[in-house]
Amino acid sequence: MWDWHVPEDRFSHELTRLQLGYDPDEVPPEGGAWRALIHPDDVGRVIATFEAHFHRETESYECEFRVRRKDGRWVWLLSRGKVVERDADGQPLRMAGTHMDITERKAIELELQRLNERLTQLSTTDGLTEVGNRRLFDQTLNAEWARAARKRHPVALLMIDIDHFKDYNDHYGHPAGDECLRTIARLISETVKREGELVARYGGEEFALLLPGADLEAARIVAERCLKAVLDARLEHAASPTSPWVTMSIGVASAVAGVGIQPAVLVDAADAALYRAKRSGRGRYEC
């Protein structure tokens with residue numbers, strides 16, 4: 001329990017002795033001494049919550065914050081209270097309430113939050129290459145398309161396929177194939193320059209690179225960067241009829257999003273360009 005005489009800023013409670021480990025004379029009864037124990041990141045929120053209640057904006061005061069124990073550790077408190085006496089002008093004279101130690105509960109909440117974030121990451125990340133998976137690609141494409149449609153902005157897409165990847169697996173084995181996929185995913189990711197761009201494994205040996213706000217010329221430049229990055233890596237591919245090194249074929253497309261136009265239009269255009277790149281000899285891009 002706590003009791004606060006507001007005009008004199010005198011604060012009486014057993015918290016400092018029972019839960020925080022301080023001797024009674026170590027924390028004076030002035031409210032300023034108590035506030036000095038509150039975590040710097042939480043002080044502003046505590047004061048704002050008090051003031052809202054003082055001005056009758058809330059029926060009662062309730063706030064969660066951290067305070068420092070004598071041994072230096074931070075503990076979480078749930079503080080609740082209410083003005084129980086006001087003067088003739090409505091100004092608060094006395095306030096009473098409770099403090100409850102919720103450190104254990106907060107630890108559980110933070111762990112649950114961490115686990116939920118991890119589950120979300122697992123559900124949207126390709127386990128092998130650690131780039132986005134097909135689910136994340138579909139979600140992001142729909143979201144970016146809807147955002148672009150409101151402003152009639154373009155969205156670009158690169159569909160990327162590793163040339164003769166089945167031959168690579170047959171020649172070097174599946175563990176080497178997995179390593180090749182991880183390397184290609186990393187090289188493509190390193191070409192991403194702007195916030196909001198997404199690399200995802202679309203399926204098998206195929207990757208998608210989503211470029212919100214990019215027109216065809218900007219997307220073409222990214223495609224050239226991707227091809228160069230893979231060629232410079234000089235990943236041996238002795239079974240390829242195209243090149244002694246691993247190469248990629250890329251389909252590039254850009255479309256101005258609009259209401260009533262589905263993002264599948266963009267995917268179909270990039271797919272068609274990818275097949276043209278393959279028919280034209282592979283190791284290249286088509287727009």
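Pairing each residue of the stretch 253-274 that is hydrophobic (A, V, I, L, M, F, W, C) with any residue that is assigned to a helix (DSSP H, G or I) and open to solvent by less than 20 Å² (accessible area, probe 1.4 Å), provided the two are 6+ apart or on different chains, yields C-beta distances under 7 Å for Ala253/Leu266; Ala253/Ala270; Ala253/Ala273; Ala255/Leu266; Ala257/Trp145; Ala257/Ala148; Ala257/Ala149; Val259/Ala149. Taking the listed residues Ala223, Ala253, the one that is assigned to a strand (DSSP E or B) and either of a type in the set (S, T, N, Q) or at pLDDT 95 or above (or both) is Ala253, with no other qualifying.
The single condition among (1) free of Cβ contacts under 8 Å to residues at least 12 places away in the same chain; (2) over 26 Å from the mean Cα position of the chain (by Cα) that Glu195 does not meet is (2). Residues in the stretch 227-240: is at least one within 21 Å of Val155 (Cβ to Cβ) and surrounded by 16 or more Cβ atoms within 10 Å (Cβ to Cβ)? No: zero hits. So is Ala88 over 29 Å from the mean Cα position of the chain (by Cα), of a type outside the set (Phe, Trp, Tyr) and either at pLDDT 90 or above or in a helix (DSSP H, G or I) (or both) or not? Against the criterion (over 29 Å from the mean Cα position of the chain (by Cα), of a type outside the set (Phe, Trp, Tyr) and either at pLDDT 90 or above or in a helix (DSSP H, G or I) (or both)), Ala88 qualifies. When the stretch 155-175 is examined, which residues are found to be over 20 Å from Ser249 (Cβ atoms), open to solvent by less than 30 Å² (accessible area, probe 1.4 Å) and more than 24 Å from the chain's Cα centre (by Cα)? Gly173 - this is the single residue of the stretch 155-175 that is over 20 Å from Ser249 (Cβ atoms), open to solvent by less than 30 Å² (accessible area, probe 1.4 Å) and more than 24 Å from the chain's Cα centre (by Cα). Considering only the stretch 108-129, I want to know if a residue exists there that is farther than 19 Å from Ala214 by Cβ, surrounded by 15 or more Cβ atoms within 10 Å (Cβ to Cβ), of a type outside the set (Asp, Glu) and more than 17 Å from the chain's Cα centre (by Cα). Scanning the stretch 108-129 turns up at least one residue that is farther than 19 Å from Ala214 by Cβ, surrounded by 15 or more Cβ atoms within 10 Å (Cβ to Cβ), of a type outside the set (Asp, Glu) and more than 17 Å from the chain's Cα centre (by Cα).
A quick yes/no check of all residues on (1) of a type in the set (Val, Ile, Thr); (2) touching an Asp or Glu at 6+ places or on another chain (Cβ under 9 Å); (3) over 30 Å from Met159 (Cβ atoms):
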residue	(1), (2), (3)
Arg66	no, yes, yes
Met95	no, yes, yes
Asp101	no, no, yes
Arg134	no, yes, no
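Looking across the stretch 180-213, the residues that are outside any helix (DSSP H, G or I), modelled with pLDDT of 95 or more and either open to solvent by less than 10 Å² (accessible area, probe 1.4 Å) or hydrophobic (A, V, I, L, M, F, W, C) (or both) come down to Leu198, Val199, Ala200, Phe207, Ala208, Leu209, Leu210, Leu211.
Condition check: in contact with a Ser or Thr (Cβ under 6 Å, 6 or more places away or on another chain), at pLDDT 90 or above and assigned to a strand (DSSP E or B). Does Val75 satisfy that? Yes. Restrict the check to the stretch 106-123 and report whether at least one residue is in contact with a strand residue (DSSP E or B) (Cβ under 6 Å, 6 or more places away or on another chain) and either among the hydroxyl-bearing types (Ser, Thr, Tyr) or under 30 Å from Ala219 (Cα atoms) (or both). Among the residues of the stretch 106-123, not one is in contact with a strand residue (DSSP E or B) (Cβ under 6 Å, 6 or more places away or on another chain) and either among the hydroxyl-bearing types (Ser, Thr, Tyr) or under 30 Å from Ala219 (Cα atoms) (or both), which makes the answer no. Would you check which residues across the stretch 147-159 are outside any strand (DSSP E or B) and touching a residue at least 12 places away in the same chain (Cβ under 8 Å) and list them? Hits for the stretch 147-159 are Arg147, Ala148, Ala149, Arg152, His153.
For the stretch 132-145, give me each residue that is aliphatic (A, V, I, L, M) and under 9 Å from Pro263 (Cα atoms). Once the filter is applied, which keeps residues that are aliphatic (A, V, I, L, M) and under 9 Å from Pro263 (Cα atoms), the stretch 132-145 yields only Leu141.
One line per residue, one yes/no per condition, for (1) open to solvent by 80 Å² or more (accessible area, probe 1.4 Å); (2) part of a helix (DSSP H, G or I); (3) touching a Leu at 6+ places or on another chain (Cβ under 7 Å):
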residue: Tyr22; (1), (2), (3): no, no, no
residue: Trp34; (1), (2), (3): no, yes, no
residue: Glu59; (1), (2), (3): yes, no, no
residue: Glu62; (1), (2), (3): yes, no, no
residue: Lys82; (1), (2), (3): yes, no, no
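Right, Asp71: among the charged types (D, E, K, R), over 31 Å from the mean Cα position of the chain (by Cα) and within 18 Å of Glu104 (Cα to Cα) or not? Here the answer is yes, as Asp71 does meet what is asked.
Across the stretch 260-287, the qualifying residues are those that are under 28 Å from the mean Cα position of the chain (by Cα) and in a loop (DSSP other than H, G, I, E, B), and the one among them that is modelled with the lowest pLDDT is Gln262.
The values are calculated or read from the model by the stated rules, or taken from the named source; none is laboratory data. From a predicted model like this one, the values you see are computed outputs, not experimental measurements. Reconstructed Cβ throughout: ideal geometry from the backbone, glycine too, with neighbour counts over all protein chains shown. Side chains are part of the model used for accessible areas, which takes the heavy atoms of the whole protein and leaves out ligands, DNA and RNA. Shrake-Rupley method; radii C 1.70, N 1.55, O 1.52, S 1.80 Å.
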